[in-house]
Amino acid sequence: MFINCSETKTDQLYRLLIGSVVPRPIAWVSSVNDDGINNLAPFSFFNIFSVKPPMLGFAPGYKRPAAGSSLPVAKDTLVNVRACGEFVVNVVSQSLVEQMNQSSGEFENDISEFAVTGLTPQASTMIKPPRVAEALISMECKVFHIHELGGSALVLGEILCLHYADGVIGTDGLVDLDVLQPIGRLGGISYSTVKDRFDIERPTH
């Protein structure tokens, strides 16, 4: 089967792409709006892109236009990140899947997903938005650049500092995946865990 992206409907292309690029890590982004209300939402269009400087990116899509309008509506996270210039990326462990899924709902901007999910907003060290106290890894970020893509926006953030819960970093100095138990997004409504793993040495020449 051959798919010409320019000739494919957006909804169909979306389903194909999210089923082809798998598993995808999830950026559970906490932000704060101008009224001081904390927001929390997951995004699976996410990855790290640089170590020096430490840089990550996530891409929130726009909501469908309201009835009678042709203008896309920015999600609360994007609105907050634009205004504040700061955000936290929290890692989703398997024990937090239900709360992550709850926070993906469409809520009015005066409702905090922290309250809806029962999660604890914990003060960040270097920025205004809080981190998720229950998350085993959190990354405080400042906005480096926001690039408009049409149906979404690519938010690039410089990682200012990292928070790790006790036991997440093993004696070898690496993240212990058996402790972290991260989940990934697959196609549709499916998710994956990181259980079956294997090591392979890179070739030397």
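Given LYS75/LYS142; LYS128/LYS195; LYS52/LYS128; LYS9/LYS75; LYS142/LYS195, which pairs have Cα atoms separated by over 25 Å? As for pairs spanning more than 25 Å Cα to Cα, those are LYS128/LYS195; LYS142/LYS195.
What's the FRET efficiency of ALA83 with LEU162 using the Cβ-Cβ distance as r and R₀ = 22 Å, to the nearest 0.05? Intermediate results must be reported in sequence, preceding the final value.
Values: r = 24 Å, r/R0 = 1.11.
Efficiency computed from Cβ-Cβ geometry: 0.35.
Stretching the chain fully between ARG64 and GLU148 yields a gain of 28.6 nm (0.36 nm per residue, less the alpha carbon separation).
As a calculated quantity, the FRET efficiency between SER190 and VAL73 at R0 = 30 Å, using C-beta atoms, amounts to about 0.65.
With 15 Å as the cut-off, how large is the P(r) tail for region 89-173, expressed as percent of Cα-Cα pairs?
Values: 2390 of 3570 pairs.
Beyond 15 Å sits 67 percent of the P(r) for region 89-173.
Amide H to amide H distances under 5 Å link VAL92 with ILE26, TRP28, ILE183, where only residues 5 or more positions off or on other chains count and H is placed in the peptide plane.
A simple spin-label model places pseudo-atoms 7 Å from Cα toward Cβ; at ALA115 and THR171 they are separated by 4.7 nm. Dividing the summed helix terms, -39500 (n - 2.57) for each DSSP H run of n ≥ 4, by the number of residues in the chain produces a 222 nm estimate of -4500 deg cm²/dmol to the nearest 500.
Once the chain from ASN4 to SER95 is taken as fully extended at 0.36 nm per residue, the excess over their C-alpha distance is 28.8 nm. For region 22-189, the pair-distance distribution built from all alpha carbon pairs, in bins 10 Å wide starting at 0, is 10, 40, 38, 10, 2, 0 percent. Protection proxy ranking of 124-136, 144-156, by the mean of other Cβ atoms within 10 Å over each peptide's residues and highest first, is 124-136, 144-156.
With an 8 Å cut-off on Cα pairs and a minimum separation of 6 or more residues, tell me the relative contact order of region 101-205 in percent. Don't skip to the answer; put the middle values down first.
On the way: 114 pairs, mean separation 14.2, N = 105.
Relative contact order here is 14 percent.
Every number here is computed from the coordinates shown, using simple stated rules; none is lab data. Fair warning: this is a prediction, and the values are worked out from it, not measured in the lab. As a convention, Cβ positions derive from the backbone with ideal geometry for all residues, glycine included, and neighbour counts pool all protein chains shown.
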